[in-house]
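> Questions regarding the structure given below will be posed in turn.
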Amino acid sequence: MSELDEGQRAFSSFRALNGEASHSEREQLFRNMAELFTYVSDRCDDEQVAQYDEVLCQLAEFVEVETRAHVASLLAQLDRAPGTVVVKLANDDIEVARPLLQFSNVLSDDDLIDIITHQSDLHREAIASRFTVAGRVGEAIVDHGETGSVVRLVRNAKAELPRATLEKLVERGTKDADIAADLRGRIDIDWRSLRGEIDDVASKVLETLGQPNRGVDPVTAGKINAVVYNRMRNRAGFSANEWKVAYNQVKALSDRKQLDERALARFARFGYGHHAAAALTVRLQVKPEVFVKWLAGQDYVAATVALKAAGLSPDLFEAIFATMPWRDMPTPEDIKMVASRFAALEQEEATGIFELWRAHSFRKRAVTEDRLAAHG
């Protein structure tokens, strides 16, 4: 019997129990369902993932912390995991939540910020320990965290610290020696350039914090600082690893029925280009490699038709188009051109063209370019 067949039998067993299972049976079923999912996650379609999600969420209500922690540790290792149960367990007791908060790529920045806002400082410490911490997430920790989580954030060399966050950290350092001491150890911070852009109170702290760190080459420190800030500013360019993470986070968002226009608008607003492209891939129900090919080939025609077929407003289209991780960043002239084409194209016609592509595995690009050229 295949693993997928075993999965169907597990679902049948759960339905047969019909709420009458003993406590130990539920505990065992919860563990078995999660372990089975780890074996088949890469072969499950969206409907199967939704089934696992529903059952695991129900069973999580009836099992002990130890069992929930075991399942959380299993799900934390997966690139694709049921979105609702992951978020549920990530908001659980810290013994349950910790592995997900530290390691799960399924949790989006918005998920993490919500947890930072509403859960304990131990939850925030776990998030601050992640391999990478985005600027928005770090800023939320500084805004809501106690000393433990903020110090953990500052000690994380992979945590992005945008200038606004640094200013808040410096201000907190005036009252907290631990934060001040760890800020002093960050070699990627250019204290000289920061000095003139913060308030007078923080400037006094900088007189101490900005002392050269012996043993650190100031030229090297400057190069590190440039790399950090350039990477933060430059959202253009496709990255296979970022695409993989973004795609699975978007799928988890879709599992929770939250992949709507507001999500797209947030991706555009915060410059999450890979997430924006992945979200459109899921909404349009095309294979990821199709959308990646458009990005790699600067295929503005295909993107224009697809986004029109998706029903995006002109403003959202322009924002999404400029945010997506093209091979090369579109120029202002490019954006103006595609915005004009988008406005001239009727949604009904775009839908027809798009469905023609879908029916022919997206091999009719030449025909589409001729039709769309009439609107240029």
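> Of the residues Val142, Val154, Val87, which is in a helix (DSSP H, G or I), touching a residue at least 60 places away in the same chain (Cβ under 8 Å) and of a type in the set (Val, Ile, Thr)? Don't jump to the end; show me each part of the working.
Details: Val142 fails: touching a residue at least 60 places away in the same chain (Cβ under 8 Å); Val154 fails: touching a residue at least 60 places away in the same chain (Cβ under 8 Å).
Result of the check over Val142, Val154, Val87: Val87.
> Can you tell me how many residues within the range 52-111 are charged (D, E, K, R) and either in contact with a strand residue (DSSP E or B) (Cβ under 6 Å, 6 or more places away or on another chain) or open to solvent by less than 40 Å² (accessible area, probe 1.4 Å) (or both)? So that I can check it myself, show each step before the final result.
Taking the range 52-111 and keeping what is charged (D, E, K, R), we get 53-54, 61, 64, 66, 68, 79-80, 88, 92-93, 95, 98, 109-111.
In the following step, the residues that additionally are either in contact with a strand residue (DSSP E or B) (Cβ under 6 Å, 6 or more places away or on another chain) or open to solvent by less than 40 Å² (accessible area, probe 1.4 Å) (or both) were identified as 53, 68, 80, 92, 109, 111.
The qualifying residues number 6.
> Take the residues of the range 237-246 that are touching a residue at least 60 places away in the same chain (Cβ under 8 Å) and in a helix (DSSP H, G or I): which is nearest to Gln298 (Cα to Cα)? Working first, answer last.
Filtering the range 237-246 down to residues touching a residue at least 60 places away in the same chain (Cβ under 8 Å) leaves 237-239, 242-245.
Okay, now just the ones that are also in a helix (DSSP H, G or I), so 242-245.
On the way: Glu242: 18, Trp243: 16, Lys244: 20, Val245: 22 Å.
Checking each candidate, the answer is Trp243.
> Is it fair to say Ala268 is open to solvent by less than 30 Å² (accessible area, probe 1.4 Å) and at pLDDT 95 or above?
On the way: open to solvent by less than 30 Å² (accessible area, probe 1.4 Å): yes; at pLDDT 95 or above: no.
Spelling it out, it is not the case that Ala268 is open to solvent by less than 30 Å² (accessible area, probe 1.4 Å) and at pLDDT 95 or above.
> So which of Ala310, Ala278 ends up being without any contact (Cβ under 8 Å) to a residue 40 or more places away in the chain, open to solvent by less than 30 Å² (accessible area, probe 1.4 Å) and within 17 Å of Glu346 (Cβ to Cβ)?
Working: Ala278 fails: within 17 Å of Glu346 (Cβ to Cβ).
The match here is Ala310.
> So Gln249 clears everything in (1) out of contact with any Lys or Arg (no Cβ under 6 Å at 6 or more places or on another chain); (2) not in a helix (DSSP H, G or I) except one condition, right? Which one?
Result: Gln249 fails condition (2) only.
> Counting just the residues of the range 314-347 that are within 18 Å of Ala268 (Cβ to Cβ) and open to solvent by 80 Å² or more (accessible area, probe 1.4 Å), which one comes out farthest from the chain's Cα centre (by Cα)?
Out of the qualifying residues, it is Lys336.
> Something else now. Which residue pairs have Cβ atoms closer than 8 Å, lie 6 or more positions apart in sequence or on different chains, and pair a first residue in the range 247-265 that is under 18 Å from Arg80 (Cβ atoms) with a second residue that is among the hydroxyl-bearing types (Ser, Thr, Tyr) and open to solvent by 40 Å² or more (accessible area, probe 1.4 Å)?
Cβ pairs passing all conditions: Asp255/Thr84; Arg256/Thr84.
The values are calculated or read from the model by the stated rules, or taken from the named source; none is laboratory data. Keep in mind it's a predicted model, so treat the numbers as computed, not measured. Cβ coordinates were reconstructed from backbone atoms using ideal geometry, including for glycine residues, and neighbour counts include every protein chain displayed. All accessible areas refer to the heavy atoms of the entire protein, side chains included, with ligands and DNA or RNA removed. Shrake-Rupley method; radii C 1.70, N 1.55, O 1.52, S 1.80 Å.
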